[in-house]
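Derivation of every value follows stated rules applied to the coordinates shown; laboratory data play no part. This structure is a prediction, so every number in the text was calculated from the model and none was measured. Neighbour counts run over all protein chains shown; Cβ positions are idealised from the backbone, glycine included.
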């Protein structure tokens, strides 16, 4: 049984740490569906990596154990397993269209709460936030209307409630 | 590291980086390093020249420096230290690093690097050493700031020896070695590391659960691995106490040999691909398995879906990622092997449940029947030396000397025969490349062992193909008067390759014949060593005796049967109860499956 897992990894913000994590996934043949990273501590000492992966339960347990034994890793949290959590992704979406397609794109963007952040007479750039499914659905609608380019951040995630991941 | 920046030391405390490196080594208890100089590490070599605390052994190839450090580490329990230059010095060391990673050997490897301002410029002898060694090490560092230098050095030793041990690289740009740097003392033992804090003591409830399962077992087995060796001699002592107290049969992986004495009745010999019949059938038929410090490696399990099908499994390992990696287990004991065995002992004594004595007696009766097959039996007749006989005689004759004996091996048939026919009664006496299977490991490893134990008998059991992969180290033996004995089982073939070609590839011996071999006797003499040769069975004992008596290094070229195969053998993709016992055994007819053919 395959499942998807959203894993938060708190790491020492040092040179090469991202390469270690990515190398672990490629070297052991694990999937990376998305991966994001940015410093999160006030002093810049810690970074948080959010990685969305998939595999059997045994593989996902392995991924977590392998991540946890990397020297600069402080904490590994399987948000999918540990309870309710929020996932968000941001996308910038360029649609090049004229006439009816342009009107329809704008109408759908409004329905999906995408913001227009750039416009010319023949193009829009939409900014949209949501989970991956919402983004996928919007992109599917834009495709026949003149979808020209997409830039997505990959998912970031956090547990609901008072429980916090700290070093 | 952050501590050094928080409290900048007075300018008077600053010393050149190379001196800081050596002071850190000294404070970490290092008395010997294995290395090879070059442009980027000249400042360290200059500092070495001006001190007397640390001895440097000049190897002939950087790969050998790492294997020597492995031999040193494996035979002493200390961290082995390597010093090589940038670029090719570092890349040559990579095979040794991966070897140490696979076999969990603590090594710190210092690599030179071009100065920080040239990094990334394709400078002379520049290589992306941290990039190349990232998957080859447990951890690595590139020191870019002088104030981090001492802290990184101490951290490297902590990481190399803590938890599941492994190799650590510290990449040292030349300007960092020259510029003044502050020294900081190593953190006091017990100071928590900022992020790497491996679990040492197994969960108490899991220990109790394990003991409950073991107490009720009717067909138990204890299967031990390199983790028990890594946990130190006390872990081996506790293992003996536990095995004898429980009365259970005990088998060992290749890496674990010596933790439990081979001469004990409760020891079943090595298990796995070339393990004994009794060990493998016990693994197959047991109802409770206690794995202590082994990792369910594919050489041990054979076909996974047929591995020990009816047993409850308890797995003690210091590395949580070993748990449920290959084999799903029922109880996990994450912690140091020695502490875990101590906890099991205590819980066993406290649990008043009587063991299932009649069932276990029956189990032992079954085991003795399997043991009676005498699967390692061979017949030495005629003048051609059987390789098994050569190892057996080497074992008996070294034992008769009463000297503390350390055995290393290269990789191949001779390695398996050494594991089968040389008995080990103590831990840390057996150095072999188990995980990576590195031909060329044995000679430099024996060299490192001999450096650590100058008065001991250090023998590399070798094959004629493997030995040529690091033969240049004969020069190092001569330079430092290291009396290592190289015992070559010379069958003029890459024997294990030949064996697989015979069994799996229709006896098409593609490129496995050792053509144009050197004359090993004259080769030894060219390296200022003694060269000996045994061509017939009646010469064997004389050659061994002369080798053991000679005070200096020796190459003994033992010309053995060319077509001998290593048995028992679990063929690729087969299960423990599908062993090939030897020529003519009925299992030989069984063809290996397509799935088996793809396995190595």
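So how tilted is helix B:233-246 from the main axis of chain B? Cα-based, degrees 0 to 90, rounded to 10. The angle comes out near 20 degrees. Note on segment B:424-547: semi-axes of the ellipsoid equivalent to its C-alpha gyration tensor, largest first and rounded to whole Å, are 26, 18, 15.
For residue B:306 and residue B:426, the FRET efficiency from 1/(1 + (r/R0)^6), where r spans their Cβ atoms and R0 equals 35 Å, is about 0.55. Looking only at A:150, A:11, A:95, which one moves most when chain A is put into a Gaussian network model with springs between Cα atoms under 10 Å? So, out of A:150, A:11, A:95, the one fluctuating most is A:150. Starting from the Cα of residue A:164, move 7 Å in the Cα-to-Cβ direction to define the label point; list residues of segment A:64-88 whose amide nitrogen is under 16 Å from there. Those under the cut-off are A:75.
Work out the P(r) tail for segment B:234-365: percent of alpha carbon pairs separated by more than 26 Å, whole number. All intermediate terms of the calculation are to be shown ahead of the outcome.
On the way: 1432 of 8646 pairs.
Beyond 26 Å sits 17 percent of the P(r) for segment B:234-365.
Quick check: residue separation of residue B:400 and residue B:263 times 0.36 nm, minus the Cα distance between them. What number comes out in nm?
Numbers: separation 137, 0.36 × 137 = 49.32 nm, distance 1.50 nm.
47.8 nm is the gain from fully extending residue B:400 to residue B:263.
Peptides A:117-128, B:84-95, B:35-46, ordered by how many other C-beta atoms sit within 10 Å of their residues on average, highest first, read B:84-95, B:35-46, A:117-128.
Across segment B:360-453, how large is the tail of the calculated P(r) beyond 22 Å, expressed as a percent of all Cα pairs? Numbers along the way, then the final one.
Values: 1872 of 4371 pairs.
Counting pairs separated by more than 22 Å, the tail of P(r) holds 43 percent.
Remark on chain B: hydrodynamic radius 25.2 angstrom, per the Kirkwood mean of 1/r across alpha carbon pairs.
Using the Cβ-Cβ distance between residue A:153 and residue A:96 with R0 set to 25 Å, the FRET efficiency works out to roughly 0.70.
What area, in nm² and to one decimal, does the C-alpha convex hull of segment B:74-149 cast on average over all directions? Don't jump to the answer; show the numbers that get you there.
Details: hull surface 21.5 nm².
So the mean shadow area of the Cα hull is 5.4 nm².
Please give the direction-averaged projected area of the C-alpha convex hull for segment B:309-408, in square nanometres with one decimal.
Hull-based average projected area comes out at 11.6 nm².
Calculate the tail of P(r) for segment A:2-83: the fraction of all Cα-Cα distances greater than 20 Å, expressed in %. Tail fraction, whole percent: 24. Segment B:44-82 and segment B:312-375 have their alpha-carbon centroids 38 Å apart. Per the Kirkwood formula applied to alpha carbons, segment B:72-204 shows a radius of gyration over Rh ratio, Rg over Rh, of 0.99. The value obtained for segment B:262-306, namely the Cα convex hull volume divided by the number of residues, is 91 Å³ per residue.
Just order B:214-221, A:55-62, B:505-512 by mean Cβ neighbour count inside 10 Å, highest at the front, would you? Spell out each step's value before the answer.
Working: B:214-221: 21.6, A:55-62: 16.9, B:505-512: 10.8.
The peptides rank, most packed first, as B:214-221, A:55-62, B:505-512.
Rounded to the nearest 10 degrees, the inclination of helix B:442-452 to the longest alpha-carbon principal axis of chain B is 60 degrees.
Per-residue mean of foreign Cβ neighbours for A:60-66 is 4 (Cβ atoms of other chains, 10 Å radius).
Under conditions of 20 °C and 1.002 mPa s, segment B:131-239 yields 123 µm² s⁻¹ as its translational diffusion coefficient, taking Rh as the Kirkwood radius over Cα pairs in the Stokes-Einstein equation. For the segment B:317-325, counting C-beta atoms of other chains within 10 Å of every residue's C-beta and taking the mean gives 4.
Once the C-beta distance of residue B:521 and residue B:124 is scaled by a Förster radius of 45 Å, the resulting FRET efficiency is 0.60 to the nearest 0.05. Using only Cα coordinates, the Kirkwood hydrodynamic radius of chain A works out to 17.6 Å. Each residue of segment A:44-93 gets 124 Å³ once the volume of the Cα convex hull is shared out per residue. Per residue of peptide A:69-81, the mean number of Cβ atoms on other chains within 10 Å of the residue Cβ is 3. Projected onto their three principal axes, the Cα atoms of segment A:88-156 cover extents of 36, 18, 17 Å, largest first. Take the Cα of residue A:112, step 7 Å along the line toward its Cβ, and report every residue of segment A:1-35 whose backbone nitrogen sits under 20 Å from that point. So the set is A:34-35. For segment A:48-86 versus segment B:97-172, the spacing of their alpha-carbon centroids is 26 Å.
Against the globular-protein guess of 2.2 N^0.38 Å, express the Cα radius of gyration of the protein assembly as shown as a ratio, rounded to two decimals. Don't jump to the answer; show the numbers that get you there.
On the way: Rg = 29.3 Å, N = 767, 2.2 N^0.38 = 27.5 Å.
Normalised Rg, Cα atoms only: 1.07.
Sorting the segments B:330-339, B:100-109 by their residues' average number of neighbouring beta-carbon atoms within 10 angstrom, most packed first, yields B:100-109, B:330-339.
Kindly express, to the nearest 10 degrees and within the range 0 to 90, the angle between helix B:17-27's C-alpha long axis and the longest C-alpha principal axis of chain B. Orientation of helix B:17-27: about 40 degrees from the principal axis.
Taken as Cα centroids, segment B:392-421 and segment B:456-503 sit 13 Å apart, rounded to the nearest whole angstrom.
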